[in-house]
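Scroll down for the structure; my scribbles are underneath it.
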Amino acid sequence: MKTALILLSVFLLAIPHNERGRTSENKTTVKPLKQNNMENRDYTATIVVNETPETVFNYIKDIRAWWSEEIEGPTDQLNKTFFYHYKDIHLCKIKLVEVDENKKLVYQVLENEFNFIEDKTEWVDTRLIFDITNEGGKTTVTFTHKGLVPDYECYDVCRDGWGQYIKTSLYKLITTGKGEPNPKDKEGFNAELAKRWKLD
């Protein structure tokens, strides 16, 4: 027994210092929580209403009634494109790319330009996703701006904007029949810039 203990001690001392506890060190360097923190970073907003999924679905498609009256082109037709602008501050070309009747709408941002950040194209190739579910007589709308993450320079402004449009304007449109979209107002609008963004 004594000999076995001596041999074990000699064996342990023979292991280089930087090799000892390597297994446990490797375990501590793997941080799945960090990976989880990197997931689900897209902007999301949720509203719950006492309306049918069909009613909600139709209100969402009527983007002029809750986002902006300054929209050109169809917002409710699959594979069709519309053009949104807020003066010359934000211009955006968007296409409806997925429709699951009364359940889901997905819009893809094809082109985008902001005049207040360095990378004016931050929204390009992001998606605006509306998931509609119904349970217990209540309908839930989960809006996700897929690709709009805190790393974006525009994130704080966009987060506040979507909060207003989804949680206030769209919610009021669904529950009262009247939203709070940007009014149709051409003051300060850059006509030359808009011309470059016209729909095909």
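The values are calculated or read from the model by the stated rules, or taken from the named source; none is laboratory data. In this text the structure is predicted, and so the values were computed from the model without any measurement. Positions of Cβ are generated from backbone atoms using ideal geometry, with glycine treated the same way; all protein chains shown enter the neighbour counts. Heads up: the accessible areas ignore ligands, DNA and RNA and are worked out on the full protein's heavy atoms, side chains in. Shrake-Rupley method; radii C 1.70, N 1.55, O 1.52, S 1.80 Å.
Exactly one residue among Glu69, Glu98 is charged (D, E, K, R) and modelled with pLDDT under 95, and that residue is Glu69. Taking the stretch 113-148 as the range and being in a loop (DSSP other than H, G, I, E, B), at pLDDT 95 or above and among the aliphatic types (A, V, I, L, M) as the test, the residues that pass are Val124, Leu148. For the stretch 149-174, the set of residues classified as part of a helix (DSSP H, G or I) and either among the acidic types (Asp, Glu) or over 13 Å from Val48 (Cα atoms) (or both) consists of Tyr155, Asp156, Val157, Cys158, Arg159, Asp160, Gly161, Trp162, Gly163, Gln164, Tyr165, Ser169, listed by residue number. Can you tell me which residue in the stretch 176-200 is nearest to Tyr84 (Cα to Cα), limited to those that are at pLDDT 95 or above and open to solvent by less than 60 Å² (accessible area, probe 1.4 Å)? Here the residue is Gly179.
Just one of the numbered conditions (1) in contact with an Asp or Glu (Cβ under 9 Å, 6 or more places away or on another chain); (2) exposed (fewer than 15 other Cβ atoms within 10 Å of the Cβ); (3) among the hydrophobic types (A, V, I, L, M, F, W, C) is not true of Ile89: (1).
Among the residues of the stretch 48-69, write down those that are within 16 Å of Glu98 (Cα to Cα) and crowded, with 20+ Cβ neighbours inside 10 Å. Matches in the stretch 48-69: Phe57, Ile60, Ile63.
Taking (1) open to solvent by 70 Å² or more (accessible area, probe 1.4 Å); (2) under 11 Å from the mean Cα position of the chain (by Cα); (3) among the aromatic types (Phe, Trp, Tyr) in turn, Phe143 satisfies each apart from (1).
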